[in-house]
Amino acid sequence: RVIKPFEPRFMKVGVLTAALQELTPREVRDADPDRAIEEWVEFARTLGSDYIQLSSALHPTETDVPPEAMLDPVANTLDLRKPFDKARASRVLNAMKETRVGMTDIGYFDNMLTDLDGNRKMKHEFMVRCMDAAVLLGIKAVCGFVGRNVKLSMDQNYDMFEKEFVPLLKAAKDRGLQYRVEQCPMPGWNTTDLWVNNIAHVPGAWIALHKIAEKHGVQDAFRVHYDP
């Protein structure tokens with residue numbers, strides 16, 4: 001019997017930029033949207049972190065939840081109020097080259113199955129804008145929640161996933177990207193007493209959702225993000 005020698009595969013370890021939201025003060029980053037990214041890759045270099053997970057979010061002036069009601073500050077290190085075009089991408093890529101800090105993915109953490117139709121459409125459109133920014137930056141993935149419609153049963157949420165979330169997986173696949181699902185159950189995410197507010201929170205759910213993705217040929221775009 002041939003025993004293969006152990007060949008370790010090393011995990012990319014990075015820092016989510018939302019972890020230190022005020023690294024670049026709000027008044028500075030609002031006026032100069034890409035400066036926050038420049039300062040974060042430089043900070044990551046000083047930490048000895050080879051990668052960052054670039055956080056994006058709806059700006060406080062656009063979100064459906066007022067900032068003072070949020071447990072975490074709005075995490076829009078990547079500011080997408082204005083189009084993220086090739087010129088902006090070039091500026092960010094230059095900063096990455098100078099610091100030698102890479103990006104694992106763009107993270108936008110919101111409820112993609114919210115029961116509010118208008119809000120859901122806005123959030124899906126924003127995620128697609130994150131995907132387009134990832135393409136310009138040469139990043140291979142976006143990361144986010146699936147979410148939950150708290151007015152529906154779990155089985156009904158699976159049906160809603162097929163109708164509402166699969167198009168996001170198709171959008172990712174069309175761009176050559178993965179959608180990495182954050183697995184936190186998100187207790188306290190709303191005013192209900194539900195512990196699970198993100199249905200993609202345990203292996204059994206991942207399997208069920210992956211089977212739905214398989215039906216539509218987008219299973220390779222559906223991945224789970226390991227976040228310790």
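Filtering segment 84-107 down to residues that are open to solvent by 10 Å² or more (accessible area, probe 1.4 Å) and assigned to a strand (DSSP E or B), which residue is farthest from residue 192 (Cα to Cα)? Ranking the candidates gives 102 first.
Condition check ((1) part of a helix (DSSP H, G or I); (2) within 14 Å of the chain's Cα centre (by Cα); (3) surrounded by fewer than 12 Cβ atoms within 10 Å (Cβ to Cβ); (4) touching a residue at least 60 places away in the same chain (Cβ under 8 Å)) across all residues:
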| residue | (1), (2), (3), (4) |
| --- | --- |
| 152 | no, no, no, no |
| 155 | yes, no, yes, no |
| 168 | yes, yes, no, no |
| 195 | no, no, yes, no |
| 214 | yes, no, no, no |
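In summary, residue 11 fulfils each of the numbered conditions (1) at pLDDT 95 or above; (2) part of a loop (DSSP other than H, G, I, E, B) with the single exception of condition (1). Among the conditions (1) of a type in the set (D, E, K, R); (2) closer than 24 Å to residue 211 by Cβ; (3) open to solvent by less than 60 Å² (accessible area, probe 1.4 Å), the only one that residue 110 does not satisfy is (2). Tell me, yes or no, whether segment 116-135 has at least one residue that is farther than 23 Å from residue 82 by Cα and β-branched (Val, Ile, Thr). Looking for residues that are farther than 23 Å from residue 82 by Cα and β-branched (Val, Ile, Thr), one finds none in segment 116-135, hence no.
Residues of segment 197-207 that are of a type in the set (Gly, Ala, Ser) and either without any contact (Cβ under 8 Å) to a residue 24 or more places away in the chain or surrounded by fewer than 20 Cβ atoms within 10 Å (Cβ to Cβ) (or both): 204, 205.
Being closer than 18 Å to residue 226 by Cα and in contact (Cβ under 8 Å) with a residue 24 or more places away in the chain holds for only one residue in 58, 54, 47, and it is 54.
It is to be established whether one or more residues within segment 132-149 are of a type in the set (Phe, Trp, Tyr), open to solvent by less than 50 Å² (accessible area, probe 1.4 Å) and either under 22 Å from residue 104 (Cα atoms) or touching a strand residue (DSSP E or B) at 6+ places or on another chain (Cβ under 6 Å) (or both). Before the answer, list the steps.
First pass over segment 132-149, keeping only residues of a type in the set (Phe, Trp, Tyr): 145.
Checking which are open to solvent by less than 50 Å² (accessible area, probe 1.4 Å) leaves us with 145.
Add one more test, that the residue is either under 22 Å from residue 104 (Cα atoms) or touching a strand residue (DSSP E or B) at 6+ places or on another chain (Cβ under 6 Å) (or both), and what stays is 145.
Within segment 132-149, one or more residues are of a type in the set (Phe, Trp, Tyr), open to solvent by less than 50 Å² (accessible area, probe 1.4 Å) and either under 22 Å from residue 104 (Cα atoms) or touching a strand residue (DSSP E or B) at 6+ places or on another chain (Cβ under 6 Å) (or both).
Among the residues of segment 177-193, those that are of a type in the set (S, T, N, Q), open to solvent by 50 Å² or more (accessible area, probe 1.4 Å) and part of a loop (DSSP other than H, G, I, E, B) comprise 190, 191, 192.
The residues of segment 1-52 that are under 21 Å from residue 182 (Cα atoms), crowded, with 18+ Cβ neighbours inside 10 Å and among the hydroxyl-bearing types (Ser, Thr, Tyr) amount to a single one, 17.
Out of 34, 30, one residue alone is of a type in the set (Asp, Glu), touching a His at 6+ places or on another chain (Cβ under 9 Å) and at pLDDT 90 or above. It is 30. Residue check: is residue 55 open to solvent by less than 60 Å² (accessible area, probe 1.4 Å), of a type in the set (Ser, Thr, Tyr) and within 30 Å of residue 191 (Cβ to Cβ)? Yes; evaluated as a whole, the condition is true for this residue.
The values are calculated or read from the model by the stated rules, or taken from the named source; none is laboratory data. Worth saying up front: this structure is predicted, and the values here are computed from it rather than measured. A quick note on method: Cβ atoms are made from the backbone with ideal geometry, for glycine too, and the neighbour counts reach across all protein chains shown. Note: areas computed on protein heavy atoms with side chains; ligands, DNA, RNA excluded. Shrake-Rupley method; radii C 1.70, N 1.55, O 1.52, S 1.80 Å.
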